Amino acid sequence: MRIGILSDGPDLSAYLAEIFNTWGLVLYEMVGQDLISEMDPEDMPVVVCPASQGSHSLVDYARRGGTVICFLPEGPLAEAAGLAYEGEKDVPLRLRITAYQASGIAGERFPIVGRANNYSPAPGVQVLGYFSYTDRYEGESVGVTETPVGQGRIVAFAFDLALCVLLLRQGDPNLAEVIPEGTGCARPSSLAINIGPSDSGWVPFADLLSRLFVDTVRRYLPGPVPLLSHLPGMAPGILLYSGDEDNADVASNDAEFECVAAAGGRMNLYIIPNRTKSTVSDVERYRVQHDVGPHPNLRPLDGCSISERLTEFERQIRMFQDQFDTPARSLRNHCTAWAGYLEPVEVMEKLGVGMDGNYFSGTYGYGREDAPYAAFGGAMPMRFCWPDGRVLNVFQQHTQLADDIMFGTADYSYRLSPQVFVAVLDRIFTDIETRFHTPFGVCIHPGNWVRFSRPQGRELLRQANERRFPIWSFDQWLTFWEARDTWRFNGMTRQGCRLQFALEGERSHDALCLAIPAKDSKTSLVEIKLDGERAEWQTVRRYGEDLALVPVPLRKTAISVSVMYGSSAKLVLTTQDFTEK
């Protein structure tokens, strides 16, 4: 059993694959138009068709029992889906899912940007979600539909979901080099695309929209399929901890390092290589318990050309690597100064930097929205992608909180006292623990730690420990994510109540887990075998679904997995039992 992604020319098929990777549905393969007529719906029950792709062959595939999931359908595909095109819709829009529960959503609506169409549905078309506007009553139309076609169906999104997720997370390329008055330099925050009123900033809307797509695909597969868990071990969330050194002295660095380590955590310190007060021996000592990366300072080049800033960006990354004899695994720029759109990411890819932390949530310089996912709606690590479909091998990891912005005394700060922050963080972490199950990235500067942000920093560590969130550095998170990214499901078959497949990968990791649905229709999970041996699992609740988490064995690159469902459920182990065993 496989999921097909139609790939035929320049499109966002690779970014759709990246969405599958992000959420762990690693059961797909790219297929060309010429293979559609030969596809067996029993072997490939779902085919995803990127926007601008479509053919009579896909309609025939649906008639033979397959599910076609498409975006902005046109021609024979739109006709078979019972959708009459009535022109483009103005964006931004909101999408309201009405037919089933969308993961992580509790009444909020998804912002929709990019390209969207107005369709008139024929009788018999089931509407799964509706478009509407935030500023007027008129204009509601179908947003997602399902239409029976022969023995199969066509599920149509009336917008380009891949492009929408890309623009929400990365911003609008047309806003590159736009500098809000008084902010001094181009930054990723200035790239944020217009999503309309700020009604969605308390949910990671871009990531949950990508999860909606993955769950839609899963819904039309024959029976439950596993996922690769996107969080380490049994954790319901994770705190990604970092600090920009800026002008801090070694004693300030050590003060924050000591507190994070005492909480069982690890943090990244980002260093300006030609301005740091830390010596080579200091950095060697830091790296025993923590991680260090470059903090390129482009501010002296404010007003210079993009190419000049990119040259300096590359020079400082290389300087860091040479000076401290360590690879630059992740980074964040001083003041998050940027150049162009994704041009800095191309430099990172060239130099082997695996993760970027420059995208801060918020509306710095043009608004006062302080919600944790404001502007971008991003929390999950995903590779960057140009709008033409070129994926870059650098993970974009949004940072949701910076201490100077939230707790400082500058005119741009929100000035939250420690007492107020306790309640705000409780809401954020409760949502992560119970609804979103996503990372929360923070930047607590060592210089600020000793001056004003220590109480809030301690509260972050306390609440993370209280909720069993691991406290990891960005480098540590990247190592996990790179290992996870090598694994795939192959040869998946289903015979009666038994599901079998091969789990194959290149890098093992002690926190990597399989997430196997604990229920199948009217039956429950009764047995999991890895390489023929019975495996224990822990049942957790994620996105309204019971999942059995099973650790992936270490030092193996191929594992046979057998999953049996039946009438009696296996006894669920507690976390303590699982740890002891």
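With an 8 Å cut-off on Cα pairs and a minimum separation of 6 or more residues, tell me the relative contact order of region 486-580 in percent. Reported relative contact order: 35 percent. Left without a cysteine partner by the 4.7 Å Cβ rule in the chain: C164, C185, C259, C304, C335, C385, C443, C497, C513. Only the Cβ atoms of Lys and Arg (+1) and of Asp and Glu (-1) were treated as charged; on that basis the dipole of the chain about its Cα centre amounts to roughly 1400 debye. Pairs of Lys residues in the chain that lie 8 or more places apart, or on two chains, and have C-alpha atoms under 24 angstrom apart add up to 8. Here's the picture: a label point sits 7 Å out from the Cα of T493 along the beta-carbon direction, and within region 20-50 the residues with their amide nitrogen under 17 Å of it are 40-45.
Here the convex hull built on the C-alpha positions of the chain has a volume of 152 cubic angstrom per residue.
Ordered from largest to smallest accessible area (heavy atoms of protein chains, 1.4 Å probe), the residues V68, V288 come out as V288, V68. Can you tell me the FRET efficiency between E527 and N194 if r is taken as the Cβ-Cβ distance and R0 is 60 Å, rounded to the nearest 0.05? After rounding to 0.05, the efficiency reads 0.70. Taking label points 7 Å from Cα along the Cα-to-Cβ direction, L554 and Q289 give a separation of 2.2 nm. Global size of region 486-580: 13.2, 36 Å for Rg and Dmax (C-alpha atoms, Rg to one decimal, Dmax whole). For the chain, the share of DSSP beta bridges that are antiparallel, to the nearest 5, is 60%. Placing +1 on the Cβ of every Lys and Arg and -1 on the Cβ of every Asp and Glu, with no other charges, gives region 486-580 a dipole of roughly 300 debye about its Cα centre. Taking 0.36 nm per residue of separation and subtracting the current Cα-Cα distance, fully stretching the chain between E177 and A99 would add 24.0 nm. Each of V563, G354, Q126 was placed along the dipole of the chain (beta-carbon charges, centred on the mean Cα), and the one lying farthest toward the positive end is V563.
Between K519 and R275, the modelled label-to-label distance comes to 5.5 nm, taking each label 7 Å out from Cα in the direction of the beta carbon. Looking at region 1-67, what % of the alpha carbon pairs are farther apart than 19 Å? Result for the distance tail: 27 percent. Per the Kirkwood formula applied to alpha carbons, region 415-498 shows a radius of gyration over Rh ratio, Rg over Rh, of 1.17. One chain, two ends: R315 and A106. Fully extended at 0.36 nm per residue, the span grows by 70.6 nm beyond their Cα-Cα distance.
Label reach from S562 (point 7 Å along Cα→C-beta): in region 502-517, amide nitrogens under 20 Å belong to 502-504, 514-517. Net length available on complete extension from D302 to D249 is 16.5 nm, with 0.36 nm assigned per residue and the Cα-Cα distance removed. Taking 30 Å as R0, compute the FRET efficiency from the Cβ-Cβ separation of E466 and W202 and round it to 0.05. The formula returns an efficiency of 0.90 here.
With each label modelled as a point 7 angstrom along the Cα→C-beta vector, the A502-A122 pair spans 4.4 nm. Placing unit charges on the Cβ atoms only, positive for Lys and Arg and negative for Asp and Glu, gives region 154-207 a dipole magnitude near 100 debye about its Cα centre.
The values are calculated or read from the model by the stated rules, or taken from the named source; none is laboratory data. Note that the structure is a prediction, hence the values are computed from the model and not measured. Heads up, the Cβs are rebuilt from the backbone with ideal geometry, glycines too, and the neighbour counts pull from every protein chain shown. Side chains are part of the model used for accessible areas, which takes the heavy atoms of the whole protein and leaves out ligands, DNA and RNA. Shrake-Rupley method; radii C 1.70, N 1.55, O 1.52, S 1.80 Å.
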